[in-house]
Amino acid sequence: MRGLLARRMKFHLLGAFLVSVGSAALYKFGVAEPRKRAYEDFYRNYDPMKDFEAMKAAGVLESAPPN
Amino acid sequence: MLASRVFSLVGRRSISTSLCLRAHGHAGVVKAEDYTLPVYADRRDVPLPEVAFVRDLSAQQRALKEKEKASWSALSVDEKVELYRIKFNETYAEMNKGTNQWKTVLGGVLFFLGVTGLILIWQKHFMYGPVPHTFSEEWVSAQTKRMLDMRVNPVQGITAQWDFDKNEWKK
């Protein structure tokens, strides 16, 4: 009958710590890092002028028609 | 006029009639109502409630209480259990025991979700009109082509899934 609150508190403090640190780590390595890498990879060899010419040729720019 | 009538009520000290009668019967001492006395409650965080569980002891139980005043090693196991049951309603084990209520709750939730689904099916079939023309196959493919031409979300989104060299979706 002794230490009922202490035991419960120890269990829940440890659990809360693990859950919060775990979910932060999961987000960092599941979402944040892949996203950073995706942006790095995209912009490493990005040529905006080539992209612009492609969009112009497709006809989506009102002030820059295809011909 | 109304104020003076209130004063006369105060003068007569009008309280609940039943309490008044009881007060007069016991020479000024009012019997304590049940709801004013401390109550027994089975709670995990209150191990020793304010009163014993059994309030009015039978003759047998009163005899047992007398025996309790002597040495406890003279009590048999059954008598000790009886004394426990006089004092407490449920043991901690009984109090903490789970129920099967969650099955009822889950069943009820799923049932009503099902009913809602049936209502939605009925609505789609009998009530709603046709969907806008912008949802047709041709419109959606022309729309997607325009999004790819504009390079919408090129890093992680839709344009990132399109292979421009082979003119198809990336595998």
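The values are calculated or read from the model by the stated rules, or taken from the named source; none is laboratory data. Please read these numbers as outputs of a predicted model, since none were measured by experiment. Every residue, glycine among them, receives a Cβ derived from its backbone with ideal geometry; neighbour counts consider all protein chains shown. Only protein heavy atoms, including side chains, enter the accessible area calculation; ligands, DNA and RNA are left aside. Shrake-Rupley method; radii C 1.70, N 1.55, O 1.52, S 1.80 Å.
Where helices (runs of 4 or more DSSP H) fall entirely within chain A, those with at least 2 residues that are among the small types (Gly, Ala, Ser) and open to solvent by 50 Å² or more (accessible area, probe 1.4 Å) are at A:4-27. Listed by first and then second residue, the pairs linking a residue in the range B:28-44 that is over 19 Å from A:Met1 (Cβ atoms) to a residue that is of a type in the set (Gly, Ala, Ser), with Cβ atoms under 6 Å apart and 6 or more places separating them unless they lie on different chains, are B:Val30/B:Ala23.
Would you check if there is a residue in the range B:92-99 being surrounded by 12 or more Cβ atoms within 10 Å (Cβ to Cβ), within 14 Å of chain A (Cβ to nearest Cβ) and of a type in the set (A, V, I, L, M)?
Taking every residue of the range B:92-99 in turn, at least one turns out to be surrounded by 12 or more Cβ atoms within 10 Å (Cβ to Cβ), within 14 Å of chain A (Cβ to nearest Cβ) and of a type in the set (A, V, I, L, M).
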